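Okay, so here's the structure we're looking at.
The values are calculated or read from the model by the stated rules, or taken from the named source; none is laboratory data. Quick caveat, the model's predicted, so the values are computed rather than measured. Here Cβ is always computed from backbone atoms with ideal geometry, including for glycine, and neighbour counts include all displayed protein chains. Protein only, heavy atoms only, side chains kept; ligands, DNA and RNA dropped before computing areas. Shrake-Rupley method; radii C 1.70, N 1.55, O 1.52, S 1.80 Å.
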Amino acid sequence: MKSMVTDYLDEVLEDVRPGDRGAPASYIPELANVDPERFGVSLATIDGKVYGSGDTETEFTIQSIAKPFVYALALEDRGFRDVLKRVSVEPSGEAFNEVSLDEEGRPLNPMINAGALTTHSLVGGDDWTQGQRLQRIIDGLSAFAGRRLQVDERVCGSELDHAHRNLSIAHMLRSYDIFPQDPRVIVEGYTRSCSLLVSTRDLAIMAATLANKGINPITGEKVVSGRVVRQVLSVMTTCGMYDAAGDWVTQVGIPAKSGVAGGLIGALPGQIGVATFSPRLDEHGNSVRGVRLFERMSRDMGIHLMEVPPSVQTVIRNTTVLVQDLTDDEKSQGVKPQKIKVYSIQGSLRFAGAEKIVREFSSTTIKEPAVALDLTDVHALDGVARRMILEVARRLTLDGKRVYLIDPADVIPKPDPGDGGQVIVVQDRAELRAHQPEKRKKGKKGKSAKKGKKK
């Protein structure tokens, strides 16, 4: 069966294609000569499936789409404090090549040229050579794409011949001691990184790597940390589309970045990466067809960040009481089987879902000596939900309950409920019934000893 996802991309591509508004970037001769009718879209899921329609294998230069990825490398190499000391994260409301700094002398954000030149200088270390820094960037962006990327020397040369504005920005930054390197060296390295050749397939995988907390869904390589990704996606959301960022956030609503070669990416955290290519640009330097295509997909697919599905109303699906199995020796000694109150949890849990679990245990008196949280039908849970569930386990332990987690999918790996807490992890209810608690074993030995003493 042919995938309906591919059919949908074919349909949207053809619906958006008509019209000749916009034109390729004219200030770079090599970009002005491209075929303006090229058009393609690729979609990559965070588990590695890539769909596409149109000119998905056509290569073009990455241009400003390199900015969020180089920013990620700078954060990874230098840490947040050093990078934020030199580059702010505020939307500029200005064109990508404006000569602007904040009151502290920092570029307003890493998505405009002033900020991108600065983040380029921060990759690696201040004492790195131009070759070392550029190699790190090419290696890093190649890791995001899952294949080796190459520089288009013709486009790079054409851009360097017309890099007067970027040179002026770089000299201004150097005068404020934003970076210590020669401005000409920084501009050349920055221009080369913007001249890397990519396709929409490459860009979709790069975006999906951001959507997947920095792990490339094709190669499995962890390129950057999840904390870095959160920072990058946040800045992309507010600054990635330059002076059209407000329209983008309201109409499309996903972190994005455009490039003047006609590329455009969007990364929806936890779901997909999307990339389009169409060289016709609007007055903001964004692809006309690319923007229209993203607007259409956002409406059709409900991928706007503010369109969050409601949390599951019934987080605790049901409760049951299981009776633990006894050994033959225990049966012969008249040991009474112990009861376990089992709570079946379901859904993908965040704070709102975990709060329902906390509310249930806070308002219920549990008579049974043991409690089990069955996580078999929990598909995912975030950090706060994990902490809340483990705190429930800790408090139940302090109340004298024996606490189990039924966790066959390991959704809470290495659970540690903290000071005074204890949990026992089992794979299913059969293992739960068969579990021999130490407390019960000790109790059995104690009875035998007492009986012997009476005799």
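Considering only the stretch 244-280, state which residues are without any contact (Cβ under 8 Å) to a residue 60 or more places away in the chain and in a strand (DSSP E or B).
Scanning the stretch 244-280 gives A256, G266, L268.
Just one of the numbered conditions (1) open to solvent by less than 10 Å² (accessible area, probe 1.4 Å); (2) within 29 Å of G214 (Cβ to Cβ); (3) not assigned by the TED database to the domain that holds D55 is not true of S287; which one?
Among (1) open to solvent by less than 10 Å² (accessible area, probe 1.4 Å); (2) within 29 Å of G214 (Cβ to Cβ); (3) not assigned by the TED database to the domain that holds D55, S287 violates only (3).
Out of (1) on the phi > 0 side of the Ramachandran plot; (2) out of contact with any strand residue (DSSP E or B) (no Cβ under 9 Å at 6 or more places or on another chain), the odd one out for G54 is which?
Every listed condition holds for G54 apart from (2).
Take the residues of the stretch 1-48 that are among the basic types (K, R) and at pLDDT 90 or above: which is surrounded by the fewest Cβ atoms within 10 Å (Cβ to Cβ)?
Top of the filtered list is R21.
Of the residues L264, L293, only one is within 25 Å of A74 (Cα to Cα) and touching a strand residue (DSSP E or B) at 6+ places or on another chain (Cβ under 6 Å); which?
Going through L264, L293 in turn, just one is within 25 Å of A74 (Cα to Cα) and touching a strand residue (DSSP E or B) at 6+ places or on another chain (Cβ under 6 Å): L264.
Residues checked against (1) out of contact with any Lys or Arg (no Cβ under 8 Å at 6 or more places or on another chain); (2) closer than 25 Å to A244 by Cβ; (3) among the β-branched types (V, I, T):
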position	(1), (2), (3)
M4	yes, no, no
L9	yes, yes, no
S26	yes, yes, no
V41	yes, yes, yes
G52	no, no, no
R81	yes, no, no
R86	no, no, no
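Please work out which one of (1) more than 23 Å from L264 (Cβ to Cβ); (2) part of a loop (DSSP other than H, G, I, E, B) is the condition I169 fails and give its number.
(2)
Any residue in the stretch 62-79 that is within 12 Å of V123 (Cβ to Cβ) sitting within a Cβ distance under 7 Å of a residue that is open to solvent by 10 Å² or more (accessible area, probe 1.4 Å) and not in a helix (DSSP H, G or I)? List the pairs, counting only those 6 or more apart or interchain.
E76/S225; D77/G124
When you scan the stretch 195-223, how many residues do you find that are open to solvent by less than 10 Å² (accessible area, probe 1.4 Å), under 10 Å from the mean Cα position of the chain (by Cα) and among the aliphatic types (A, V, I, L, M)?
Qualifying residue count for the region: 4.
Among the residues of the stretch 381-390, which ones are hydrophobic (A, V, I, L, M, F, W, C), under 21 Å from Q422 (Cβ atoms) and under 24 Å from the mean Cα position of the chain (by Cα)?
Within the stretch 381-390, L381, A385, M388, I389 meet the criteria.
What are the residues in the stretch 362-380 that are closer than 20 Å to Q422 by Cβ and surrounded by 19 or more Cβ atoms within 10 Å (Cβ to Cβ), if any?
A370, V371, A372, L373, D374, L375
Go through the stretch 432-455 and give me each residue that's over 21 Å from L396 (Cα atoms), open to solvent by 80 Å² or more (accessible area, probe 1.4 Å) and at pLDDT 60 or above.
none
Each row is one residue, and each column tells you yes or no for (1) closer than 14 Å to L141 by Cα; (2) hydroxyl-bearing (S, T, Y).
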| position | (1), (2) |
| --- | --- |
| F179 | no, no |
| P183 | no, no |
| E188 | no, no |
| R192 | yes, no |
| G214 | yes, no |
| T219 | yes, yes |
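How do the pairs read when you match residues in the stretch 381-395 that are in the same structural domain as P417 (by the TED database) and under 18 Å from A370 (Cβ atoms) with residues anywhere that are β-branched (V, I, T) and surrounded by fewer than 19 Cβ atoms within 10 Å (Cβ to Cβ), using Cβ under 7 Å and keeping only pairs 6 or more apart or on different chains?
V392/V358
Do we find that L84 is crowded, with 21+ Cβ neighbours inside 10 Å, not basic (K, R) and not in a loop (DSSP other than H, G, I, E, B) in this structure?
no
So M306 clears everything in (1) in contact (Cβ under 8 Å) with a residue 40 or more places away in the chain; (2) open to solvent by less than 60 Å² (accessible area, probe 1.4 Å); (3) hydrophobic (A, V, I, L, M, F, W, C) except one condition, right? Which one?
Result: M306 passes all but (2).
Evaluate the following for I186: is it open to solvent by 60 Å² or more (accessible area, probe 1.4 Å) and among the hydrophobic types (A, V, I, L, M, F, W, C)?
no
Exactly one condition in (1) open to solvent by 10 Å² or more (accessible area, probe 1.4 Å); (2) in a loop (DSSP other than H, G, I, E, B) is not met by P110; state its number.
Only one criterion is unmet by P110, namely (1).
Please pick out the residue among S92, S158 that is open to solvent by less than 20 Å² (accessible area, probe 1.4 Å), in contact with an Asp or Glu (Cβ under 7 Å, 6 or more places away or on another chain), of a type in the set (S, T, N, Q) and at pLDDT below 95.
From the options S92, S158, the qualifying one is S158.
Out of (1) modelled with pLDDT under 95; (2) open to solvent by less than 60 Å² (accessible area, probe 1.4 Å), the odd one out for F144 is which?
(1)
It is to be established whether one or more residues within the stretch 113-126 are without any contact (Cβ under 8 Å) to a residue 12 or more places away in the chain and assigned by the TED database to the domain that holds A44.
no
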